[in-house]
Amino acid sequence: MATQMTDGHRRFLQVLMSHGIMEGSVARTLHRDCCEIHKVYYAHDKLDDFINVVNIHLQPFFMQIRKGMSEDDGRTYYALVNLAETEITKMASDYTENELELFRKTMDVIIVSENGFASSTNILNLADQLKTKKMKKKEAEQVLQNLVQDKWLSERDGEYTLHTRCIMEMEQYILSNYQDLVRKCNICHSLAIQSQVCETCGIGMHLPCAGKYFKAQTEPHCPHCNEFWPHEIPEINRPDSQLPSSAPRERRGTSSSGTRRR
Amino acid sequence: MAAEEDWALTQSASQVQRNLERLLPAQVDQKVSELVQYLLVKDQKKIPIKRADILKNVIKDYKGVYSEIIKRAGRTLQQVFGLQVMEIDAKHHIYILVSNLPRLEGENLKQDDCTAKLGLLMVILSFLFMKGNAAKESAVWEMLRRLRVDPGVRHEVFGDVKKLVTEEFVRQKYLEYNRIPHTDPPEFEFQWGARAAKETSKMQILRFVAKVPACWEGWRGELKEGEGSDLGGA
């Protein structure tokens with residue numbers, strides 16, 4: 001496997017960066033096009049190897065193209081993330097101190113909540129209690145809009161959760177900062193912001209993971225304590241979910257060592 | 001701030017080397033990474049990057065090896081990302097990142113057209129703001145030409161650049177395009193449009209322009225008066 005960066009790799013990286021986050025099938029098309037344009041060796045199932053080449057060169061700069069899963073639809077996404085655990089580096093240069101404080105406090109609420117969402121009312125209250133500098137309602141609403149546009153938060157029916165891109169970017173940060181307060185999916189073992197939780201034993205699952213695990217079961221039971229699973233099982237209708245088992249389904253990184261069957 | 005900048009930049013090559021020897025390679029590498037990320041993040045938002053901000057926000061105590069850090073960061077951006085650091089304002093030292101990959105004929109890999117247009121608009125708005133909110137048409141074209149966007153040449157992303165800037169952006173109220181009185185042959189100038197003064201994207205420009213040196217003190221005062229206030233009369 002060649003480990004040199006080519007213009008094909010560079011173009012892929014540039015386009016990925018301009019999108020911020022890219023869905024799997026779009027990334028595959030981009031891979032094909034970049035290889036075609038720059039006459040680089042192409043194999044349709046070697047996207048992860050292609051990305052690994054880029055990652056080798058990004059490593060000294062604490063950046064990585066990471067593969068993740070959307071908690072909403074279970075699809076694969078790719079994003080360029082920075083690996084520093086200790087700060088919200090990427091945001092720091094775009095947001096003022098009190099805006100960052102609002103974001104952190106919103107993240108606190110989201111992570112501790114049952115369903116992984118914070119209501120806008122809740123967030124506006126937080127804005128009023130900021131230590132750095134209080135924020136008026138209108139300003140806070142604007143900040144929320146910016147955070148959604150920048151893909152740190154996503155909004156649904158007036159409630160806010162962490163965007164897939166944010167989860168991918170900040171997974172390490174969240175795991176080390178929140179530790180026992182965060183939930184991990186019982187199926188894929190990755191960070192779970194939105195989840196379904198067993199009311200008896202407390203284990204949680206991503207909605208798409210629950211959808212796949214309980215697929216076509218008439219009486220779903222908790223895999224841990226065997227109690228009846230009390231939640232509505234999400235329907236999984238994605239073509240992606242029919243991928244053959246040899247496709248690596250890791251949540252973290254793109255190394256192909258060890259595949260996991262879901 | 002200007003004095004610190006000058007000091008950092010008048011260090012001779014041998015002085016920089018000596019300063020470098022006093023630091024751990026890991027420390028310098030860390031700064032290079034930070035600068036690379038900083039430049040990428042700013043550029044993704046289409047905000048031109050000021051050297052003063054680089055020194056203040058990233059370089060900090062490593063000013064003595066500034067030239068080495070920026071050199072390595074530039075090299076990384078070229079080798080890994082195919083991006084080049086380009087100065088769009090030599091007087092105030094303002095940079096953007098430009099792709100040095102071969103240009104494409106077809107549509108498939110372009111950035112979203114909207115994003116690209118917004119980027120172009122931001123560059124123009126920033127330029128105008130620094131020129132005291134208005135600039136001659138010729139100055140704007142000259143600046144754009146340095147970015148390989150030529151109003152006389154059909155651009156693969158923007159198409160008819162002159163039309164986009166003088167018609168579309170004007171119609172959308174991002175820019176104003178006014179005839180300068182008493183000029184013959186008629187000359188025109190660009191100003192911020194009413195929409196530019198009210199939109200979110202303007203806050204991004206303002207945030208960066210708000211740190212502009214003391215000669216813009218008047219503008220900075222205006223910014224503080226009202227939260228998210230528009231430029232009023234701009």
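The values are calculated or read from the model by the stated rules, or taken from the named source; none is laboratory data. All of these numbers come straight from a predicted model, not from anything done at the bench. A quick note on method: Cβ atoms are made from the backbone with ideal geometry, for glycine too, and the neighbour counts reach across all protein chains shown.
A few remarks follow.
- A:R75 passes every criterion in (1) farther than 30 Å from B:K31 by Cβ; (2) within 13 Å of chain B (Cβ to nearest Cβ) apart from (2).
- In segment A:20-51, of all residues being facing chain B (nearest Cβ under 8 Å) and surrounded by 20 or more Cβ atoms within 10 Å (Cβ to Cβ), the one that is nearest to the chain's Cα centre (by Cα) corresponds to A:L30.
- Considering (1) surrounded by fewer than 18 Cβ atoms within 10 Å (Cβ to Cβ); (2) within 19 Å of A:K67 (Cα to Cα), the lone condition that A:T132 does not fulfil carries the number (2).
- Screening A:D157 against (1) free of Cβ contacts under 8 Å to residues at least 12 places away in the same chain; (2) of a type in the set (D, E, K, R); (3) surrounded by 20 or more Cβ atoms within 10 Å (Cβ to Cβ) leaves a single unmet condition, (3).
- Residue within segment A:233-242 that is in a loop (DSSP other than H, G, I, E, B) and either farther than 21 Å from A:G24 by Cβ or modelled with pLDDT of 90 or more (or both) present: yes
- Of all residue pairs spaced 6 or more apart or on separate chains, none has beta-carbon atoms under 9 Å together with a first member in segment A:189-218 that is under 13 Å from A:E71 (Cα atoms) and a second member that is loosely packed, with under 14 Cβ neighbours inside 10 Å and modelled with pLDDT of 90 or more.
- Top-ranked residue in segment B:22-44 [being surrounded by fewer than 18 Cβ atoms within 10 Å (Cβ to Cβ) and within 28 Å of A:L58 (Cβ to Cβ); ranked as farthest from the other protein chains (Cβ to nearest Cβ)]: B:L23
- Taking segment A:202-223 as the range and being loosely packed, with under 14 Cβ neighbours inside 10 Å and in a loop (DSSP other than H, G, I, E, B) as the test, the residues that pass are A:G202, A:K215, A:A216, A:Q217, A:T218, A:E219.
- Residues that are outside any helix (DSSP H, G or I), more than 19 Å from B:L40 (Cα to Cα) and in contact (Cβ under 8 Å) with a residue 40 or more places away in the chain, drawn from segment A:1-44: A:M1, A:A2, A:T3, A:Q4, A:E23
- Condition broken by A:G116, with the remaining ones in (1) buried (at least 16 other Cβ atoms within 10 Å of the Cβ); (2) on the phi < 0 side of the Ramachandran plot; (3) not aromatic (F, W, Y) satisfied: (2)
- B:K60 vs. criteria on the phi > 0 side of the Ramachandran plot and either assigned to a helix (DSSP H, G or I) or touching a residue at least 40 places away in the same chain (Cβ under 8 Å) (or both): yes
- Filtered residues of segment B:77-105 (kept if at the interface with chain A (Cβ under 10 Å from one of its Cβ atoms) and assigned to a strand (DSSP E or B)): B:L83, B:L97, B:S99
- Summed over segment B:59-76, residues that are buried (at least 22 other Cβ atoms within 10 Å of the Cβ) and facing chain A (nearest Cβ under 10 Å) total 1.
- The residue that is farthest from the other protein chains (Cβ to nearest Cβ), counting only those in segment A:52-65 that are modelled with pLDDT under 90 and part of a helix (DSSP H, G or I), is A:Q59.
- Residues satisfying the stated conditions in segment B:122-142, i.e. more than 11 Å from the chain's Cα centre (by Cα), assigned to a helix (DSSP H, G or I) and surrounded by 15 or more Cβ atoms within 10 Å (Cβ to Cβ): B:L128, B:F129, B:E137, B:A139, B:V140, B:W141
- The residues of segment B:156-186 that are in contact with a helix residue (DSSP H, G or I) (Cβ under 7 Å, 6 or more places away or on another chain), modelled with pLDDT of 85 or more and of a type outside the set (A, V, I, L, M), listed by number, are B:F169, B:E176, B:Y177.
- Filtered by the rule that a residue be at pLDDT below 80 and in a helix (DSSP H, G or I), segment B:1-42 gives B:A2, B:A3, B:E4, B:E5, B:D6, B:W7, B:A8, B:L9.
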